[in-house]
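Only one structure is covered here, and it is reproduced in the block below.
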Amino acid sequence: MTLGDERFVSLTTFRRSGDPVSTPVWVVRDGDGLVVYTAAESGKAKRLRNDPHVELRACDRRGRVAAGTPTVEATAVVDDAEGAVEDAESLLKAKYGWEFGGIRLLQAAERAVRRGGPPRERVVLRLTVD
């Protein structure tokens, strides 16, 4: 099984200090690479703008990585091009089905808690295994 087939992947990005930060994410294949969908202002997107090196490991929904799970080195690029988010959403919806629809509902609830305003801008993280 490749990482694109996993339900969840631990995405490790690195702070300027070099300290790792791991986050469980949904991931889907897009051609030869992998795609992750996130808020434009998320910590992982900010860290990737400074250091594109990432580490990937299969994990569970809570980010727990089983002992002996291999680490895969990769390079990530933040893609905010027009159409990139819509394309990623289509791929994620095809893979995760109703679960992805639930995320869309959470995003709407998040907006309501913030008292309206525009939806949070989303970006795509394009991952290429080294």
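The values are calculated or read from the model by the stated rules, or taken from the named source; none is laboratory data. Since this is a predicted model, take the numbers as computed values, not measurements. FYI the Cβ positions are ideal-geometry reconstructions off the backbone, even for glycines, and counts take in every protein chain you see.
Would you confirm whether or not region 39-51 contains a residue that is out of contact with any Pro (no Cβ under 7 Å at 6 or more places or on another chain), loosely packed, with under 15 Cβ neighbours inside 10 Å and touching a residue at least 60 places away in the same chain (Cβ under 8 Å)?
Going through region 39-51, the residues out of contact with any Pro (no Cβ under 7 Å at 6 or more places or on another chain) turn out to be 39-51.
Still in the running and loosely packed, with under 15 Cβ neighbours inside 10 Å: 40-41, 43, 46, 49-51.
Those still in the list that are touching a residue at least 60 places away in the same chain (Cβ under 8 Å) too: 40-41.
The answer is yes, given that some residue of region 39-51 is out of contact with any Pro (no Cβ under 7 Å at 6 or more places or on another chain), loosely packed, with under 15 Cβ neighbours inside 10 Å and touching a residue at least 60 places away in the same chain (Cβ under 8 Å).
Given (1) in contact with a strand residue (DSSP E or B) (Cβ under 8 Å, 6 or more places away or on another chain); (2) assigned to a helix (DSSP H, G or I), where does Glu55 come up short, assuming only one miss?
So Glu55 meets the others, but not (2).
Condition first: assigned to a loop (DSSP other than H, G, I, E, B), touching a strand residue (DSSP E or B) at 6+ places or on another chain (Cβ under 8 Å), modelled with pLDDT of 95 or more and not aliphatic (A, V, I, L, M). Can you find one or more residues in region 25-47 that meet it?
Within region 25-47, none of the residues are assigned to a loop (DSSP other than H, G, I, E, B), touching a strand residue (DSSP E or B) at 6+ places or on another chain (Cβ under 8 Å), modelled with pLDDT of 95 or more and not aliphatic (A, V, I, L, M).
Under 15 Å from Leu125 (Cβ atoms), of a type in the set (A, V, I, L, M, F, W, C) and touching a His at 6+ places or on another chain (Cβ under 9 Å): which single residue out of Phe8, Phe14 fits that description?
The conditions single out Phe14.
Quick one: Glu86 ticks every box in (1) in contact (Cβ under 8 Å) with a residue 40 or more places away in the chain; (2) in a helix (DSSP H, G or I); (3) of a type in the set (Asp, Glu) except a single one, so which number is it?
Of everything listed in (1) in contact (Cβ under 8 Å) with a residue 40 or more places away in the chain; (2) in a helix (DSSP H, G or I); (3) of a type in the set (Asp, Glu), Glu86 misses just condition (1).
Is it true that Val85 is β-branched (Val, Ile, Thr) and under 24 Å from Asp32 (Cβ atoms)?
Details: β-branched (Val, Ile, Thr): yes; under 24 Å from Asp32 (Cβ atoms): yes.
It is true that Val85 is β-branched (Val, Ile, Thr) and under 24 Å from Asp32 (Cβ atoms).
Condition check: at positive phi and not acidic (Asp, Glu). Does Gly31 satisfy that?
Numbers: at positive phi: yes; not acidic (Asp, Glu): yes.
Spelling it out, Gly31 is indeed at positive phi and not acidic (Asp, Glu).
Arg57 - would you say it is surrounded by fewer than 16 Cβ atoms within 10 Å (Cβ to Cβ) and either over 27 Å from Ala81 (Cβ atoms) or under 12 Å from the mean Cα position of the chain (by Cα) (or both)? Full working, then the answer.
Working: surrounded by fewer than 16 Cβ atoms within 10 Å (Cβ to Cβ): no; either over 27 Å from Ala81 (Cβ atoms) or under 12 Å from the mean Cα position of the chain (by Cα) (or both): yes.
No: the conditions fail for Arg57.
Considering region 60-74 alone, what residues qualify as being among the aliphatic types (A, V, I, L, M) and surrounded by 11 or more Cβ atoms within 10 Å (Cβ to Cβ)?
Restricting attention to region 60-74, the residues satisfying the condition of being among the aliphatic types (A, V, I, L, M) are 65-67, 72, 74.
Passing the criteria: Val65, Val72, Ala74.
Any residue that is modelled with pLDDT under 90, loosely packed, with under 10 Cβ neighbours inside 10 Å and of a type outside the set (Phe, Trp, Tyr) - is there at least one of those in region 82-99?
yes
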